[in-house]
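Input: a single structure, listed below in structure tokens.
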Amino acid sequence: MQQYEVEIKSLLGSEENAETLRERMKIVDPNWRLTSRNKQLNHYFLGGDFAKLAALVAPHLSPEAFKKLQDIVARLAGQSGNEFSVRTRDKDGSVLLVVKVSLGEDTSQNGVARMEFEEKANLNLDDLDQMLISAGFQYQAKWSREREEYAVNGVSICLDRNAGYGWLAEFEKVVGSEAEVEPARQEVRALMEQFGARELEQERLERMFAFYNAHWSEYYGTDKVFTVR
């Protein structure tokens, strides 16, 4: 029922580096393809009552999506140590509820391997945000980005121009069971080696994430970029 994502980020910084990666796709996989271009608003939340949120949002999800969400609620209630994060997303007018649950020692916000729930909600972004607030959540930060999505050798590569971060590449593989996570991780890292893409270290990523969260109102919806070493 659930899906699991393996996602490894590489900080590109400049448009020139993003174009180099695009050109490299044609060499690595002659059958590469652009699957989507979109603009996104992503709102991150902290705290809250996850079970209450699931009850509030149930009428606005498909029956299948609600079953997935119920399963996550049950998993989180029955296990200790599983960190989760909740966010809302407007993707070119389509509004999504996104939940990520940590696997192992990875964080739910930025970890390499996570259980992922990403489903359409029949609401606008403001109304979905208000449901989270009604369930006791509070804003952590608001993010904006422009995204290009590519399919290369069975892996999704997203080129993002993020407010604050600048250009970032995400190499992602989604699988249907936790047993497939480690092979997927190896596959993603092998593809990154073909691209010569350097993995953004988790420690630096967490520092960048913390800086953005503390200053998000200065960057949200802008082209401004900061550097955190």
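Nearest 0.05, what FRET efficiency do Glu199 and Lys120 give at R0 = 35 Å with Cβ-Cβ as r?
0.70
Starting from the Cα of Arg207, step 7 Å along the direction of its Cβ; do the same at Glu182; then give the gap between the two resulting points in nm.
My value for the distance between the label points is 3.1 nm.
Would you mind computing, in nm to one decimal, how far apart the modelled labels at Glu64 and Gln2 are, each placed 7 Å from Cα along Cα→Cβ?
1.9
Report, in whole Å, the centroid distance computed from the Cα atoms of the range 175-229 and the range 35-85.
If you average the Cα positions of each part, the centres end up 21 Å apart.
Which value in deg cm²/dmol, rounded to the nearest 500, describes the helix-derived mean residue ellipticity at 222 nm for the chain, given -39,500 (n - 2.57) per DSSP H run of n ≥ 4 and division by the residue count?
Values: 6 runs with 81 residues, N = 229.
Estimated from H runs of four or more residues: -11500 deg cm²/dmol.
Can you pull the one-decimal nm distance between simple spin-label points at Val228 and Arg37, each 7 Å off the Cα toward Cβ?
Between Val228 and Arg37, the simple spin-label model gives 3.0 nm.
Student exercise: in the range 3-219, how many lysine pairs 8 or more apart or on different chains have Cα atoms under 18 Å apart?
For the range 3-219, qualifying lysine pairs total 18.
Taking the inverse of the average 1/r across all pairs of different Cα atoms in the chain, what Kirkwood radius in Å do you get? Show your work: numbers first, answer last.
Details: mean 1/r = 0.0547 Å⁻¹.
Mean inverse Cα-Cα distance, inverted, gives 18.3 Å.
We did not get these values from a lab; they are worked out from the coordinates using the rules stated. Keep in mind that what you see is a predicted model, and the values were worked out from it rather than measured. Cβ coordinates were reconstructed from backbone atoms using ideal geometry, including for glycine residues, and neighbour counts include every protein chain displayed.
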